[in-house]
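The values are calculated or read from the model by the stated rules, or taken from the named source; none is laboratory data. What you see is a predicted model, and the numbers here were worked out from it, not measured in a lab. Positions of Cβ are backbone-derived with ideal geometry, glycine not excepted, and every protein chain shown enters the neighbour counts.
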Amino acid sequence: MTTTRTRRLRTVTVVAVAGGSLALLPFSGAFAGPGHGSGYGNGHGNAHGQPRSVIFVNGDGMGATHREAGRLDQEGFDGQLAMDRLPIAGLQTTDARDPEDTVTDSAASASAWATGVKTYNGAISVDVDGNPLPTLGQQAEEAGLAGGIVTTAQVTDASPAAFFANSTDRAAQDDIARQYLEVSRPEVILGGGEDWWLPAGDEGTYPPRAGDEEDPEVSRSTQGDLVAQAEGLGYEYVSTAEEFAAADSDLLLGLFANEEMFQQRPEGQGDEFDPVVSLADMTTRALEVLSQDEDGFFLLVEEEAVDEMSHNNNGTRMLESMRSLDDAVEVARAYVAEHPDTLLIVTGDHECGGLTIEDVDADDESGPGGTLDPSIAGETESGEDGPFVVAGTGGAYDFALDWTTTSHTGVPTVVTAEGPGSEDLTGYYPNTHLYDVVSSVLFD
Ligand SMILES: [Zn+2]
């Protein structure tokens, strides 16, 4: 972070109750930037005098087809997913501003949401020149709201990082973790990625997976023991389902895997989707903690496996991750029903896999061919998955999933929403528009 920017100090008192003792933790943080750093640093949320909150749900890699496949799989012809029952819908475009690529990665797309500024792939809320930008998570904390991260990815992976940190390189996950503790201080941090919080030699709760040479999963923090640092700052640290169930702190750090809370692989090659703690349960706990802040909160909820299973063209596991995601959306919807001052957004940062839904037949028409030179197009590596049964039809109807790529694509993604400000999410707009809507709900 540069020191030439306008900076403003603040002091927030965090009251943490743990084990019957009361601790007062004075916290000085600083962040301000041109056009974003003034007008709402009063510690009382927004100018309405009416605290508002935002639950921002990212199905990473989730395009319209993933949602529709999830609907057929879970609800059948006449049903709707919880995310699709939200009353407001729109479409967002997701292109990055990258020197080489048209199609976005998760870092550039989340940076667009978190800052309102398009940037290059790999950027964590820095502009195309590498300058840090104020983020929604930082601004929420600065305005006295609570902040939270819930994800099945590493808690320091690109999407959560863009809301609560700044980095020219999404790979610097231990530095991103350090920024969570020293700068943005989200009250709730739940997900995977233990390896980025612990130094080499400290295996933590989850030792390296035996025999996995491709992905050895070893602790790699170059910032020291960040778990110990978090505990020193008053965070309760939990790393198992039992500890999670017993947690009772207002500052909560939970790391439930070395890296992701699942194993991304093609079918039958070690693929696994069985998180230690479900996304829905993490969302429930996060809302219990964050809702205690009378100034409101910003919570990011993310199901990462939609993207990573799509990278692996693994239709079965992708559908499992869609069930996980929609269960978490049900939790969020139940909360919003009781707390109508909360904006709920459910969307995907980009599409992944070039997925489509087809009838089951013997011909895979997406084989070799087309107009791209074979030296560019290479070997066709995508294929069809299924058949998958349409729920409620007793097996009379089924469908196949067909992939066109193992990468992200540039199609627009669906946004559904309810609550204050959601009416501004109808239409067809760039992903930066979500920043405008969320910031105006929280801060105007
Ligand atoms: Zn991806």
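If you filter region 406-424 down to residues that are surrounded by fewer than 18 Cβ atoms within 10 Å (Cβ to Cβ) and of a type in the set (Ser, Thr, Tyr), you find that the one that is modelled with the highest pLDDT is 407.
Scanning region 410-421 for residues that are within 16 Å of the ligand (Cβ to nearest atom) and under 18 Å from the mean Cα position of the chain (by Cα) yields one hit, 413. Quick check, is residue 125 of a type in the set (S, T, N, Q), within 21 Å of residue 346 (Cα to Cα) and either more than 16 Å from the ligand (Cβ to nearest atom) or modelled with pLDDT under 95 (or both)? Spelling it out, residue 125 is indeed of a type in the set (S, T, N, Q), within 21 Å of residue 346 (Cα to Cα) and either more than 16 Å from the ligand (Cβ to nearest atom) or modelled with pLDDT under 95 (or both).
All of (1) within 18 Å of residue 73 (Cβ to Cβ); (2) surrounded by fewer than 24 Cβ atoms within 10 Å (Cβ to Cβ); (3) within 12 Å of the ligand (Cβ to nearest atom); (4) of a type outside the set (S, T, N, Q) hold for residue 319 with one exception: (3). Summed over region 57-114, the residues that are within 16 Å of the ligand (Cβ to nearest atom) and either under 24 Å from residue 152 (Cβ atoms) or assigned to a helix (DSSP H, G or I) (or both) give a count of 21. Screening 279, 300 for residues that are within 14 Å of the chain's Cα centre (by Cα), crowded, with 22+ Cβ neighbours inside 10 Å and closer than 23 Å to residue 444 by Cβ leaves exactly one candidate, 300.
Residue-wise test of (1) modelled with pLDDT of 75 or more; (2) closer than 17 Å to residue 70 by Cβ.
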| residue | (1), (2) |
| --- | --- |
| 326 | yes, yes |
| 355 | yes, yes |
| 358 | yes, yes |
| 361 | yes, no |
| 368 | no, no |
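Pairing each residue of region 321-340 that is in a helix (DSSP H, G or I) with any residue that is surrounded by fewer than 17 Cβ atoms within 10 Å (Cβ to Cβ) and of a type in the set (Lys, Arg), provided the two are 6+ apart or on different chains, yields no C-beta distance under 7 Å.
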